[in-house]
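Contents: one structure, followed by commentary.
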Amino acid sequence: MMKKALAVLLLLLLMVSPALAEMSRVVDQADVLTDAEEQLLEQEIAQIREKYKFDVLLLTMDSIGDRQGDYYAADYYDNNGYGVGPNHDGICFFYVPQGDRNGNTVFFVKTGSGERIFTDDVDDEIANQIRGYMRQQNYGGALAQYVLAVIDQLEESRAINRATRLLPIFAIAGLAVGAAVAFSFKSQMKNVRRKVGAMSYVRDGSFHLSRQQDIYLYTTTTRRRIETDSHRGGGGGGSHGSFTSSSGSHHTSSSYKM
Amino acid sequence: MTQAAAHYKCPCCGASLTFGSQSQQMDCASCGNSFPLEAIQQAAEIDVQNTTDEQMNWQFASHSDFDEAESAHLKTYRCQNCGSEIVADETTAATECVYCGSPSILPGVLSGAYRPDAVIPFQKSKKEAMDALRNHCKGKKLLPKTFMSDNQIEKITGVYEPFWLFQADAEGDCTFNCTRVSARRQGQYEVINTAHFLVRRGGGMSFKQVPVDASTKMDDTLMESIEPYDSDKADDFNIGYLSGYQAQRHDVAAADCQPRANERVRESVLSTLQSTVIGYSSVVPVNTQVQLRHGQVRQVLMPVWLLNTRWQGKTYTFAMNGQTGQFVGDLLGITAAAYGIAYLLFTMGVL
Ligand SMILES: [Zn+2]
Ligand SMILES: [Zn+2]
């Protein structure tokens, strides 16, 4: 198992092929990541999508008002067309740093095959793995570890022998720290990058907007029962839910106060 | 009673819409939505306009050669190993190929060489380039001490790299599918309204110049990494600038660099127009069209401090923008094992 974990780690670290220009998988509106971290995470996720046909969205938001975090994340995932295949297989990591209702809470929202692969127990384990980083506000480390854990779980769900879940707890801890360190070394070692766009060559003040049309088309409405908050929070334990998003697709979620 | 209007499709589900004389709106029997007639007409008009073809054409400057007086002061060298061709003035001797490190470079004849239109002069000295390289290697835990000696650092060379500069005014026309989500509490329920919009933005901007590397001997990604260059500081070409430096001869035609220039212009136009679409919960681009006016292409030499070094059978390239001092070079991939070792050491609590 140790060997397999190492193999997966090395594989992860040696992946340097550039991702195709497409929709971002790291949407860091709360700005908790550095640009370098974002780019590396994008690359890892591109590989996951290719190898496992599974999508990973890392989403942070400054504030979502009074909305419930997992519903918000599910809507974001659906409305922007994330997910692989007809069932939109994937998982969304959602985090809001501050706020009354969702502040400092991590949500895992799962869609399609993600609902089967990431069980409540698996989510609990992953939440424990990243909690240390989150508490130190080392968000780059937390998300690197999260992506590693996702790969580990996808790899495992592929394997026929489910008995490999007996990975000793110290190995997980070592893997976590080792991966984060190697991850930061990797970003130290690599700085040759393709440019996106040509904004630095735009003549100052030359931009003009000649047409602006916002056409309202229609509105859809959904009603959902609000989950009681009574068993949320409480000493870092998670809460689990299952719901339908406003676009009508099914999701499951776990949430953890960090 | 309804009136047929089969040429309008429902923006929600794609079924045909009919005009409801009661509702005075376009109704969809399939999904039950109703739309203002004006919105449907505007949406249909955008659909039609979106089918027009994109125009991203450039005008290539006419080619000129070095004149006889200039040629008399210039020499060319050709690397027998990698095939790179450089031009240098008579006082500058090339002893080693700056692209592959091979010492087998032979003098050749300067014929049919493209005379560059402009040049951006070096502003960073060799000493500054050497210091930047030393700094770059400093504090990297995984980098072996023997990777870079002072002897090797000495070899960093000033090279004028040929680029095609694409200059144009770009006009874009983009459409986006957008939603605005609002939620309110109603007792034990959360009621969520998702409003759908079709948003269109048209606008443009001028690109002073988008550089594309015109040499196959130089890695394009490496060259983009040391951008930007300030091409306002470019001077008309004069062979005096070559003194002490080597100039790479271009081997990629401007027309072959055009797709990359188009891609970058298009990306910037789209992202700028998209940045004006605000106040929505989601914004998904569905159509982008870019047209160019006054598209012109010139060849310009850009100053680069360059070092290729071999370590354990692999080549590592370091480059510094000779104008701005921007320095890059990947150290990654030195040994795959190094990562494994770092990991193991960390696991054991050594590192
Ligand atoms: Zn419809
Ligand atoms: Zn050579």
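Computed values, structure above
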| read-out | value |
| --- | --- |
| Some residue of the stretch B:251-264 being surrounded by fewer than 21 Cβ atoms within 10 Å (Cβ to Cβ) and in contact with a Cys (Cβ under 9 Å, 6 or more places away or on another chain) | no |
| Some residue of the stretch A:187-198 being at pLDDT below 75, out of contact with any helix residue (DSSP H, G or I) (no Cβ under 6 Å at 6 or more places or on another chain) and not in a loop (DSSP other than H, G, I, E, B) | yes |
| Selection count where residues are open to solvent by 50 Å² or more (accessible area, probe 1.4 Å), touching a Gly at 6+ places or on another chain (Cβ under 7 Å) and more than 20 Å from B:Lys233 (Cβ to Cβ), scope the stretch B:127-143 | 0 |
| Failed condition for B:Val290, given (1) of a type in the set (A, V, I, L, M); (2) open to solvent by less than 40 Å² (accessible area, probe 1.4 Å); (3) out of contact with any helix residue (DSSP H, G or I) (no Cβ under 7 Å at 6 or more places or on another chain) | (3) |
| Sole exception among (1) under 11 Å from B:Ala170 (Cβ atoms); (2) assigned to a strand (DSSP E or B) for B:Val284, by number | (1) |
| Index of the failed condition, B:Ala61 passing every other in (1) within 16 Å of ligand 2 (Cβ to nearest atom); (2) under 33 Å from the mean Cα position of the chain (by Cα) | (1) |
| Selection status of B:Cys82, away from ligand 2 (no atom under 16 Å from the Cβ), modelled with pLDDT of 85 or more and out of contact with any strand residue (DSSP E or B) (no Cβ under 7 Å at 6 or more places or on another chain) | no |
| Filter pass, B:Val269 being buried (at least 21 other Cβ atoms within 10 Å of the Cβ) and in contact with a helix residue (DSSP H, G or I) (Cβ under 7 Å, 6 or more places away or on another chain) | no |
| Close pairs from the stretch B:84-98: first under 11 Å from B:Ile239 (Cβ atoms) and free of Cβ contacts under 8 Å to residues at least 60 places away in the same chain, partner assigned to a loop (DSSP other than H, G, I, E, B) and more than 16 Å from ligand 1 (Cβ to nearest atom), Cβ under 6 Å, at least 6 apart | B:Glu90/B:His73 |
| Entirely in the stretch B:152-263, the strands (runs of 3 or more DSSP E) that have 1 or more residues that are at the interface with chain A (Cβ under 10 Å from one of its Cβ atoms) and touching a residue at least 12 places away in the same chain (Cβ under 8 Å) | B:157-186, B:189-213 |
| Top-ranked residue in the stretch B:68-87 [being open to solvent by less than 20 Å² (accessible area, probe 1.4 Å) and among the hydroxyl-bearing types (Ser, Thr, Tyr); ranked as farthest from ligand 1 (Cβ to nearest atom)] | B:Thr76 |
| Residues satisfying the stated conditions in the stretch B:85-104, i.e. more than 15 Å from B:Met218 (Cα to Cα) and within 7 Å of ligand 2 (Cβ to nearest atom) | B:Ser102 |
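The values are calculated or read from the model by the stated rules, or taken from the named source; none is laboratory data. All figures in this text were calculated on a predicted structure; none of them were measured in a lab. Reconstructed Cβ throughout: ideal geometry from the backbone, glycine too, with neighbour counts over all protein chains shown. These accessible areas exclude ligands, DNA and RNA; they are computed on the full protein's heavy atoms, side chains included. Shrake-Rupley method; radii C 1.70, N 1.55, O 1.52, S 1.80 Å.
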